[in-house]
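The values are calculated or read from the model by the stated rules, or taken from the named source; none is laboratory data. What you see is a predicted model, and the numbers here were worked out from it, not measured in a lab. With ideal geometry, Cβ positions are generated from the backbone for all residues, glycine too; neighbour counts draw on all protein chains shown. Please note that ligands, DNA and RNA were not included when accessible areas were found on the heavy atoms of the full protein model with its side chains. Shrake-Rupley method; radii C 1.70, N 1.55, O 1.52, S 1.80 Å.
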Amino acid sequence: MMWALVLMLMLVGDTGGQNLKGVSVEQAIRSDEPKIKEELDDIKQSPQEVRSEEKGLEKTLEEKIGQLFLPTIHRVHGVLSAERNFLEKYKPCGVVLKSLLEPKTAVDLVSFVRLVSASADTPIWIAGDLYELTKRPRGAPSQYVDLPPLLCLSANPDDEMVARLMKLWKMYLYGLGLNLCLGPRLSLASELTGMTDDLHCLGSNPTLAGEVSVKMLSAWDEQDVLLVPMDFPGGATNRDGVKPAVLLTPESLLMENDLVPYVKFIHAGHSILHIGTTLVPTLDPVGMPACISESVIARLVREKLGYTGVVIAGPLDSPEVVKHIDPSDAGLRALKLGADILYYGGEVNTVMRAIDRVKFAVANGELSLDRIEESYARVKELKSKQFETPQVEEKEKLKVKPDELVKQKGDIYEDAYFIIKNSITLVRNSGDLLPLEKGSVAGIGITGAVGVNELEELLRKYHKNISVQPMRSSFRLGYIEKFEIERAEKTVGKAPVIICVVVSSMRLAEQEELVNRLKDTGSKVIVVVLGHPSALATARKADAVLIAYAEQTAYSLAIRAVAETIVGLPSFRFKSIATDSSLVAGKEYKFSLGEVVAMPPGRLPISVGDCFPEGSSLSLPVEKLIRKCQWKIGEKIKFDTPDFTYAFPSPGEYKLELKVQGPDKFERVKTFSLVVK
């Protein structure tokens, strides 16, 4: 009997705990230790795949509402626990980063945001304003190669200029790990006196701003990184210090003025638009900022312009908004009016209250569920196009490592230098004082608050007798002290030619006094303006005036470009040509290089008083400075001189090709179509 019982127990063990009839037998003794799962599918399946299966179910209302919010992260070295908890719980459509002071912190912060947001079923937008992200407090030098401002493109809207700036934007976005660019800023330049200088606009000419906008869109072929046209409906540059910006253009004139660049983006089918906090009294008599104005969002954007893309409204916790309404109610109001994404610039606690406010409004019937579904569908569709559409392999060439953004050599640096140099504008040149070619003057004096020593070093290659008077403390103070003016007058006042560097970031009154006192010594005075054209007001008595459009952090770059222009190595562009001229066969015509080439290339993008009107510029003597040129009519007729005369033998359409090599050895070709009757 005993052996039979043992045999029975062995058979049970061999059958994995089942008897011969396949009936399960309960274990008498069971371990309470956890077991390793042996199913391979369970081992291979990642938490993300499990979440993906769960995401196949209908998204909850809270998740959909979360996708309509765009909060801001202010940290530099990671996020706080409150921000981390917010991102994990609410899963917003994206975040706006305020500061990436150096490449290492940029990589760490962006990686951390992506990690925290990994549970969302759609990639998170990581957004930022490229011009603000890399800026250090109080004008301190940045590690990054400075991005040339948009005003450079209005000074010289050449296709290559636009293409190079867009290339720089792409490289910065890829290098910093961003996929949503808060730009370009499309407000026209302010023409009101006393407004804060703003280099990040497309000038005051709406037609030109529209043309540049079209070129920017044409040059932007990146589908995986979105541009967000900022500050609709304009007027963001009409700002006096910390006071609110105000759009003052009458409603009847908006379409041919402030709205022109925005309408270009909209008509091109651009899928996302930002409405800012500018006050719009000519549109909204109640005085609401644009981002919570029914007149702007519902009537102008959605109804009149028929825009069906994603609308970002905010920041909805800005002082302009809070003056009228609580930030949480502002988000609800913007949604009701037709906005899709609610942008907040403060702490995440405010955003959480706004989300709860929207949830409560849906629950009590204050806001329809259809309104949430409509905006969520727009956001989801845009993300699907951006992240799920196969990308062109060629884009891999544009990606750069963050460290590349700080190197003071290479393509990024040279592109930035090219843009600044090719936008330099000459607005006065009495007696053909410029260029100061080698040996052309007996001596040069240099003074000003910035760039004096750098300019001296660059000019010494061409001129030996140079005296300088730097004013190092003045730039830190923000103005030039009286003793500095007197010292400069004594030190450089005896030089036959004085170069005075003026900057728009400092108080202008003392800089104007410096220019006037130097002029009173009897010397010829050349004023070099760095920054905004408003500083041209200091140069009323100067003999020659040049301006380079650059931020404080790019002054060194601008000084190098200015130095080359001063000594006769400027860049050039082909001028726009009148198309209404009528040529007659058999009649002799003159062709002049000076009529079609501008050297330096820039034009004033903004009017500064009566002396310096928008669009104006002067040119250095092109015929003397170019290295070579060639005119070609058809295939056989050629002229290698700057000027020539020619009579077209018969009526018809002729192609005139002009090839020019500038003094800096850069070569350009332009083809003109001429109709001869």
Pairs returned, first residue in the range 247-262 that is surrounded by 14 or more Cβ atoms within 10 Å (Cβ to Cβ), second residue that is charged (D, E, K, R) and assigned to a loop (DSSP other than H, G, I, E, B), beta-carbon separation under 6 angstrom, 6 or more apart or interchain, are 249/258
Within the range 227-243, the residues that are surrounded by 23 or more Cβ atoms within 10 Å (Cβ to Cβ) and either assigned to a strand (DSSP E or B) or at pLDDT below 95 (or both) are 232
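So, restricting to helices (runs of 4 or more DSSP H) that lie completely within the range 264-363, which ones have at least 2 residues that are of a type in the set (Phe, Trp, Tyr)? Even if it seems obvious, please write down each step before you answer.
On the way: elements: 319-322, 327-337, 348-363.
So the answer is none; nothing clears 2.
Specify the residue that is nearest to residue 140 (Cα to Cα); the eligible residues are those in the range 568-589 that are in contact (Cβ under 8 Å) with a residue 60 or more places away in the chain, open to solvent by 10 Å² or more (accessible area, probe 1.4 Å) and not basic (Lys, Arg). Outline the logic, then answer.
Residues of the range 568-589 that are in contact (Cβ under 8 Å) with a residue 60 or more places away in the chain, as a first pass: 568-574, 577, 582-587.
Remaining after also requiring open to solvent by 10 Å² or more (accessible area, probe 1.4 Å): 569, 573-574, 577, 582-587.
Adding the requirement that they be not basic (Lys, Arg) leaves 569, 574, 577, 582-586.
Working: 569: 31, 574: 37, 577: 43, 582: 56, 583: 57, 584: 61, 585: 63, 586: 64 Å.
Within the range 568-589, the match that is nearest to residue 140 (Cα to Cα) is 569.
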Scanning the range 653-667 residue by residue, those part of a strand (DSSP E or B) and open to solvent by 30 Å² or more (accessible area, probe 1.4 Å) turn out to be 653, 654, 655, 657, 659, 661, 667
**Prompt:** Does the range 628-647 include one or more residues that are over 30 Å from residue 434 (Cα atoms), in contact with a Ser or Thr (Cβ under 8 Å, 6 or more places away or on another chain) and open to solvent by less than 70 Å² (accessible area, probe 1.4 Å)?
**Reply:** no
Flagged pairs (Cβ under 7 angstrom, 6 or more apart or on separate chains; first in the range 620-648, without any contact (Cβ under 8 Å) to a residue 40 or more places away in the chain and among the acidic types (Asp, Glu); second open to solvent by 40 Å² or more (accessible area, probe 1.4 Å) and not in a helix (DSSP H, G or I)) are 640/630
Note on the range 519-540: residues within 16 Å of residue 448 (Cα to Cα), open to solvent by 10 Å² or more (accessible area, probe 1.4 Å) and out of contact with any Leu (no Cβ under 9 Å at 6 or more places or on another chain) are 519
The helices (runs of 4 or more DSSP H) lying entirely within the range 440-518 that contain at least 3 residues which are open to solvent by less than 40 Å² (accessible area, probe 1.4 Å) are 452-459, 482-492
Across the range 284-316, the tally of residues that are at pLDDT below 95 and either open to solvent by 30 Å² or more (accessible area, probe 1.4 Å) or within 24 Å of the chain's Cα centre (by Cα) (or both) stands at 2
Taking the range 360-382 and keeping residues under 20 Å from residue 89 (Cβ atoms) and open to solvent by 60 Å² or more (accessible area, probe 1.4 Å) leaves 360, 363, 380
